[in-house]
Amino acid sequence: MCRTDAHHHHHHDHPLGGPEYADLGIPDDALSPADLGRRAFLRRVGLFGVGAAVAPVLGSLPAAATARGGGSRGYQWLAGDHHIHTQYSYDAMYTIEQQVAGGARHGLDWMVITDHGHAAHEKFAVESTYADVLASRGNHPDMLVWQGLELNVPGGEHATVFFDGARDEIGLLRVFERLFDSRVNGTGASSAANEAKALQALAWLDAALRNGAADQALFLVNHVMRRGRYAPHELRAFRDAAPSIAIGMEGSPGAQNEIRARGDYNNTPDADSWPGWRQEHFPTYGGFDSAAAIVGGMWDSMLAEGRGWWITSNSDGHYYDQDTLTRPSVPGDWYDTHGKYPDPVDTGTPQRHADFWPGQFSRTVVGAASRDYGAVMEGLRAGRVWVGMGGLLEALHVNAHAPGNGQVTLGGRLTVRRGDDVTITVVAEPATRPNAAGQVPRLARIDLIRGAVTGPSADRDATAAADVRVVRSFEPRDRGPARFTYRFRDVREPFYVRLRGTDGNRHAPGSIEPAADTGQNDSPWGDLWCYANPIFVDVTGG
């Protein structure tokens, strides 16, 4: 299974960095019919020239949306996956219908199809994917299914991009891919120019929303530390430039069953890795990316600035463990000339693969005001999200409240007066039925983590926050629903709280921290964790 995604470098003579149809200096009559059609689309939605000429820093964008007040019980908590590959990716094989049926079989409510950006994908696959997505929506009316893209991020690695309410979804996706996918336009290497190109992509998405080409767009960074190609300042730049679009990252990657290492995080730095990452940043910890799993690490260093940056968890589904299907034998240039592979065929022999079906092992659970596309995207944007592995929890409800100030749930901001008490309430509903491994996992512990909010960091490449710690660990007494409370008394300074839970089977020696996944990965089922996004507490008054 191909996961090494080497960047292909091409040379362009267009000084503004975009393809010919987006270059304002090239007249219409000099374009091919296909590029003339792409330019017509850009004109129609008010985006002509945006991809090439937008400023690299988007200081005019609105501040991050604040989550609505109210407790967790006021939302529908819908499980999903925003990172799934099909036969329209150069390194996968399943039909869209097979993926959607698999997600439904494993209890998902929403899914985003995210095939890799690629010249053949942009040329051949966008319309066919859309037709297959529409067919699967009809076959599974209770499942929300998006057509998205796994973008090869200029100067970085991968990110999920998808829209809601697009007036011309096919056109929007195709033009975005052609303009900004680094595998298409040769901007994958680490450089200041390519980092600026990634910010241009976010500016283009923002312009699409401002011009009414779509209602919403989201950008989520995938497998952050798999190769360490995202520098900390890049993550901060994404968040700060487009806080309503670039909202977070995978807290735990797919490929959890990869035998070499969980998540296929068996890497050392390469020429495009940020040089400040150390070797301890490259493995996963309890299956979670080190950017999220290390207490006081990268994630906490961003949360300490007081702005939302949320985590998710996904399958990154390519090939599924114990499946009997395989990709048919085709000539080596088949994908390049078709933009898809033929439907898989059944060998009758189960195979050991790195991935689990969407929802089979990892899931992203979103608090949505209603069961529809816009509400799920709004819940993701607001950070109303907890993520879990292996069916460790059926449900998780987290609320923060203070006298006279109401309550908020995950991703929310609670404003209190200096000296108030703040109470955190957690209700965890443990597993009551076997997971896909035939086990009923047991929640052994929930850790409440508190971090100080100290404001924007003077060091844009900071990877750590000093004032972050586990303030309390709770251990359920039995297998029934567990309710815990913790009170922060006489609050004087702003802070945030976040949660993680575990089956307690594996820790770093002498610690409650998850152990680094540095050896062969025989099975991930015996080391299960869940994480919740933070709640911020703001302090006012004397």
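The values are calculated or read from the model by the stated rules, or taken from the named source; none is laboratory data. Keep in mind it's a predicted model, so treat the numbers as computed, not measured. Neighbour counts are summed over all protein chains in view; Cβ atoms, including those assigned to glycine, are modelled from backbone coordinates with ideal geometry. Note: areas computed on protein heavy atoms with side chains; ligands, DNA, RNA excluded. Shrake-Rupley method; radii C 1.70, N 1.55, O 1.52, S 1.80 Å.
A few notes on this one:
- Stretchable slack from Ala192 to Ala395, in nm (0.36 nm times residue separation minus alpha-carbon distance): 68.8 nm
- Paramagnetic label reach from Asp333 (point 7 Å along Cα→Cβ; backbone nitrogen cut-off under 19 Å): within region 82-103, residues 90-91.
- For the residues Arg472, Arg39, a 1.4 Å probe over the protein chains yields an accessible-area ranking, largest first, of Arg472, Arg39.
- Geometric extent, Cα atoms of region 224-273 - Rg, Dmax (angstrom): 13.0, 38
- Cα centroids of region 224-300 and region 431-503: 20 Å apart.
- Estimated FRET transfer efficiency (Thr540, Asp459; beta-carbon r; R0 41 Å; 0.05): 0.90
- Kirkwood-type radius of region 87-133, with distances r between different C-alpha atoms, in Å: 11.3 Å
- Between the listed residues Ser457, Phe488, Val468, the Cα displaced farthest toward the positive end of the dipole of region 447-515, a dipole computed from Cβ unit charges relative to the Cα centre, is found at Phe488.
- For the chain, the 222 nm mean residue ellipticity estimated from helices alone, with every DSSP H stretch of n ≥ 4 adding -39500 (n - 2.57) and the total spread over all residues, rounds to -6000 deg cm²/dmol.
- Three-way shape call for region 190-342 based on the alpha-carbon gyration tensor, with the a/c threshold at 1.5: oblate
- Charge dipole (Cα centre; +1 on Lys/Arg Cβ, -1 on Asp/Glu Cβ; no other charges) of the chain amounts to roughly 1860 debye.
- Panel note: the C-alpha atoms of the chain, placed on their principal axes, show extents of 70, 61, 45 Å (largest first).
- Solvent-accessible area assigned to carbon and sulfur over the chain amounts to 50 percent, based on a 1.4 Å probe.
- If the chain linking Arg469 and Ala436 were pulled fully straight, counting 0.36 nm for each residue of separation and taking away their Cα-Cα distance, it would gain 8.5 nm.
- Simple point charges give the picture: +1 on the Cβ of Lys and Arg, -1 on the Cβ of Asp and Glu, and for region 77-188 a dipole about the Cα centre of about 140 debye.
- Length released on extending from Gln279 to Asp522, taking residue separation times 0.36 nm less the Cα-Cα span: 85.3 nm
- Only Lys, Arg, Asp and Glu carry charge here, each on its Cβ (+1 for the first two, -1 for the last two); on that basis region 362-440 has a dipole of about 160 debye about its Cα centre.
- In this label model, Arg479 and Asn405 are separated by 3.9 nm, measuring between points 7 Å along each Cα→Cβ vector.
- For region 402-440, the residues whose backbone nitrogen is under 14 Å from a point 7 Å from the Cα of Arg73, taken along Cα to Cβ, are 407-409, 425-428.
- Accessible area (Å², 1.4 Å probe, nearest 10) - Arg363: 60 Å²
- For the chain, share of DSSP beta bridges that run antiparallel, in % to the nearest 5: 75 percent
- Average accessible area per residue (Å²) across the chain - probe 1.4 Å, nucleic acids and ligands excluded: 36 Å²
- Three-way shape call for region 402-542 based on the alpha-carbon gyration tensor, with the a/c threshold at 1.5: oblate
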